[in-house]
Structures are given as structure tokens and as C-alpha cells.
Amino acid sequence: MERKGNDGATARVEVSVGVLPKSGVQIAAGIIRIGDLIPRYEIVRREHYSRKGYQREPSQVRVNKLRDALERRQVDLPTAVLLNMRTFDERENLIQEGKRWILVLGPQLFVVDGQHRVEALKALYESLPDGHERWEDFEIPFVCMLGATETQEMEQFYVVNSNAKSVPTALAYDLLKQMAESSPDLMESMQEQNTDWKVRGEGLAERLAKESSVWKGRIRFPRESSAGTTISNSGMTNSLKPLLSHPYLSQITTDNQVKIIDAYWEGMRRVIPDAFRDPEGYSIQKAVGVNALHSLLTTVLELVRARNASVLDPDEYADVLREALTELEETTPNGDKVTGADFWRAAPDGAAGLFSSNAGRRVLIARVKQRLPKIKVI
């Protein structure tokens, strides 16, 4: 158990009151000042061998990230933390004044859900030289169980966390790009954390879906039908990460990035056209193919540049990739040996699916690289 102390001051909070229907525990909901919460809160950590407590250890990375975002005024905390006042006397702690209910806070408020938010606020309140002055009146919404036992706290903790569902990555990237476009501060913060590739990658995925003859109608965005698509927007965005850190590609305009990626894929289509005529029947435009081939683009790009050729010409990419793509060979799960476009057929007729793991992808990339031309140094 972590005790956070109590300054002894009486705190009164206007609340709405209700009852949890299953357990019959009273609850109060309202807005609480950080100056009233921080001196009172306690977190009961899980002790495996004694079978006591229920809270996991906080992620200091998450706490620090949220603390920094709060200090910069980049985020709000609109969702309520869940607390419990174990020592509760209805006559002393819940007072009705006309139509208003007033909750008189006890000396202890146990955090059931929201520990990372509370820990981040504590860091601001107690660690900064002017933390008390700046953050004492900062308010967050809360729901407080009144007189619940530790077992009931544990039950609610389990319900909240076992039913929580993270935002799908595809939707998260879509929202992140929209937020970054309207918030320069967010984009600046992401650049500092080296995560701005997510926004730039999502932008490229959108452009490719609209402008590339190879990718039009193949990238699936949130709430779109999967019919005819081969990869999600998040899958495409993640595959672009190595490109967006490449010294050359990271410094050119988005327009030229789109043109280069499109020319690269068009070059592949000219070498093994059968693999692109039925995208759903082949793996080259699915995650296994896209991740491997985008990892190879930086190498192929340098080969084209070494020839003093145009990096926007699909024929140049076709020439560099021809031997590697046509001679790529493997045995399928059915025992058949396949090469070229047939290598990329969906299982069980093709072999690309054998390389879908991270280790497999590294092997696939190495095999293609072995068959690429060598750069001639003059």
C-alpha cells in the first residue's frame, strides 16, 4: 500500500449521488481539485504471494508522457477517475443542502481506476517548484464509491480493465493525423518524440489510395468495406516507417515521396504483372509483401540513384528488380516449387506466407537483396 499523506484540511465537493445496482454501494460523482485529491489518495498494489491488493505497478513511461503533455497543456482529462472512500459515515460525509449534495472528503481516497492520471498529476503538483501554486486548483472529474470494501474495489477494477478495449490502430492513426493537422503543438511534440512518422505515413497512405494506380482501392480505412482491399491504413503506415527515416526520402517533398513509392510499385508490376491482376489472390500487396518490399525500397532507391537514373521512372525500378523478383524461389506448403509471380500466390499455392513472421520477413528481405545488382564504384 502506498500512503500519500493527508494535510488535514477539510474538503467539500458538490456531487450527484446514486447507487450501483448490483452491489448496492452508494456513489458520488463530481469534479475534484488536485489540491484536495493528491494529499488523500492511496493506491493498493498487488502482492502476489500474500494475495492482497489489486493494482498493477504503474508504467513510469506512461506517467512521464502524460505529465509532460499536461504541463504543456496539450491534453485534457475528460474521463472520470474511479475512487473509493472506505471510511464513510453518511451523516458526516454526505450532506444535503437544499437541492445540492455535498461530499465531505475523508482522509483516504483509494484509487480504483486512473492511477496513471493521478500519478502524473502528483508529479506536477509535488515535483515542480511552483507545482502547488499552478496545479492546486486544476480539476478533474471523478466517481467515488462510498464505503465500498477492498473486495468491491477489486471487483470494479477487474470489470473496468477486463472490458476496456483499446482504440484500433487503424482508427488511431486516422485520428492522429487529423489532430496533428489542426494542432502544430501536437506535431512538434511528436517530432521531439520521433513519432511524427505516424502522421506522415498516414498522409502517404491516403495519397497512395487516391493517386496510385497500383494502390487505388487497395488500402482499407476505418469504416470502409474490406471488399477489394488488401491492407489496412495502419498496416501501410507502419510499413512506411523505415522510408520516413531514410536520409534522402525524409528530406524530399510529400509529392515526390508519393511519386517514388508509386514508381517503385509500378516497376514491380511491370516485372511480375500476374501478381497484381488479382491482388486478393496474391500476397504481394498484403502485409507480408508490403512490409518486406518497403524495407527494400531504400536499397533499391540507392541503386537507381547510383546509375544517375530518374527515381521517378518505373522502368528503372523494373530493371533493378527484374532478376530478384523473377528468380525468387521457394517450396510451398503443398510441396510445389514456385518462382516469380507464383511465389506471391496466397497460401497454399504460393510461398510468401511462409515469411510472415518478423524472422521470416528478414529472411525474405535478405533473399531479394542477394539477387539485386551491385553498385559499381568508379
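Kindly establish whether R100 is free of Cβ contacts under 8 Å to residues at least 60 places away in the same chain and assigned by TED's automatic domain parsing to the domain that holds S16.
no
Could you go through region 143-153 and let me know if any residue there is in contact with a Ser or Thr (Cβ under 9 Å, 6 or more places away or on another chain), surrounded by fewer than 21 Cβ atoms within 10 Å (Cβ to Cβ) and either in contact (Cβ under 8 Å) with a residue 60 or more places away in the chain or in a loop (DSSP other than H, G, I, E, B) (or both).
So far as region 143-153 goes, yes, one or more of its residues are in contact with a Ser or Thr (Cβ under 9 Å, 6 or more places away or on another chain), surrounded by fewer than 21 Cβ atoms within 10 Å (Cβ to Cβ) and either in contact (Cβ under 8 Å) with a residue 60 or more places away in the chain or in a loop (DSSP other than H, G, I, E, B) (or both).
Of the conditions (1) in contact with a Pro (Cβ under 9 Å, 6 or more places away or on another chain); (2) modelled with pLDDT of 95 or more; (3) part of a loop (DSSP other than H, G, I, E, B); (4) surrounded by fewer than 19 Cβ atoms within 10 Å (Cβ to Cβ), N334 satisfies every one except a single condition; which number is it?
So the condition that N334 fails would be (2).
Can you spot a residue in region 119-138 that is out of contact with any helix residue (DSSP H, G or I) (no Cβ under 6 Å at 6 or more places or on another chain), in the same structural domain as D89 (by TED's automatic domain parsing) and under 28 Å from P21 (Cβ atoms)?
no
Assess whether S310 counts as being touching a residue at least 60 places away in the same chain (Cβ under 8 Å) and either surrounded by fewer than 19 Cβ atoms within 10 Å (Cβ to Cβ) or under 23 Å from I260 (Cβ atoms) (or both).
Judged against the criteria, S310 is not a match.
Only residues that are in a helix (DSSP H, G or I) and either under 27 Å from the mean Cα position of the chain (by Cα) or not aromatic (F, W, Y) (or both): list them for region 130-142, please. So that I can check it myself, show each step before the final result.
Quick first cut of region 130-142, residues in a helix (DSSP H, G or I) only: 131-135.
Listed by number, the residues that qualify are G131, H132, E133, R134.
If I ask for residues that are closer than 18 Å to V368 by Cα and either in a loop (DSSP other than H, G, I, E, B) or not assigned by TED's automatic domain parsing to the domain that holds N358 (or both), which ones from region 279-313 would you list?
S283, I284, Q285, K286
If you scan region 15-65, which residues turn out to be in contact with a His (Cβ under 6 Å, 6 or more places away or on another chain) and aliphatic (A, V, I, L, M)? Don't jump to the end; show me each part of the working.
Going residue by residue through region 15-65, those that are in contact with a His (Cβ under 6 Å, 6 or more places away or on another chain) are 58, 62-63.
Answer for region 15-65, where residues must be in contact with a His (Cβ under 6 Å, 6 or more places away or on another chain) and aliphatic (A, V, I, L, M): just V63.
For I219, work out the one condition from (1) crowded, with 19+ Cβ neighbours inside 10 Å; (2) farther than 23 Å from Y317 by Cα; (3) free of Cβ contacts under 8 Å to residues at least 24 places away in the same chain it doesn't fulfil.
Answer for I219: the failing condition is (2).
Only one residue in D255, D185 is in contact (Cβ under 8 Å) with a residue 24 or more places away in the chain and assigned to a helix (DSSP H, G or I). Which one?
Only one candidate qualifies: D185.
Between I375, I365, which is outside the structural domain of S213 (by TED's automatic domain parsing) and either surrounded by fewer than 18 Cβ atoms within 10 Å (Cβ to Cβ) or assigned to a helix (DSSP H, G or I) (or both)? Quick ask: steps written out before the conclusion?
Numbers: I365 fails: outside the structural domain of S213 (by TED's automatic domain parsing).
The match here is I375.
For region 188-217, which positions are assigned to a helix (DSSP H, G or I) and touching an Asp or Glu at 6+ places or on another chain (Cβ under 6 Å)? Spell out how you get there, then give the answer.
Step one: of region 188-217, the residues assigned to a helix (DSSP H, G or I) are 188-192, 197-211.
Once the filter is applied, which keeps residues that are assigned to a helix (DSSP H, G or I) and touching an Asp or Glu at 6+ places or on another chain (Cβ under 6 Å), region 188-217 yields only M190.
Please enumerate the residues belonging to region 83-100 that are out of contact with any Cys (no Cβ under 8 Å at 6 or more places or on another chain) and under 21 Å from R40 (Cα atoms).
R86, T87, F88, D89, E90, R91, E92, N93, L94, I95
Could you check region 117-137 and list, in sequence order, the residues that are over 19 Å from L103 (Cβ atoms) and buried (at least 16 other Cβ atoms within 10 Å of the Cβ)?
R117, E119, A120, L121, K122, A123, L124, Y125, G131, W135
When you go through P247, P242 one by one, which is the residue that is modelled with pLDDT under 95, under 16 Å from E302 (Cα atoms) and not in a helix (DSSP H, G or I)?
Sole residue among the options that is modelled with pLDDT under 95, under 16 Å from E302 (Cα atoms) and not in a helix (DSSP H, G or I): P247.
Would you be able to say whether some residue in region 45-58 is part of a loop (DSSP other than H, G, I, E, B), at pLDDT below 85 and in contact with an Asp or Glu (Cβ under 8 Å, 6 or more places away or on another chain)?
yes
(1) among the aliphatic types (A, V, I, L, M); (2) closer than 21 Å to T254 by Cβ; (3) surrounded by fewer than 18 Cβ atoms within 10 Å (Cβ to Cβ): which one isn't true of L204, the others all being true?
In the conditions (1) among the aliphatic types (A, V, I, L, M); (2) closer than 21 Å to T254 by Cβ; (3) surrounded by fewer than 18 Cβ atoms within 10 Å (Cβ to Cβ), L204 misses (3) alone.
The values are calculated or read from the model by the stated rules, or taken from the named source; none is laboratory data. Everything numeric here is computed off the predicted structure, so don't read it as measured data. Because the Cβ atoms are built from the backbone with ideal geometry, glycine has one as well, and the counts that use them run over all protein chains shown.
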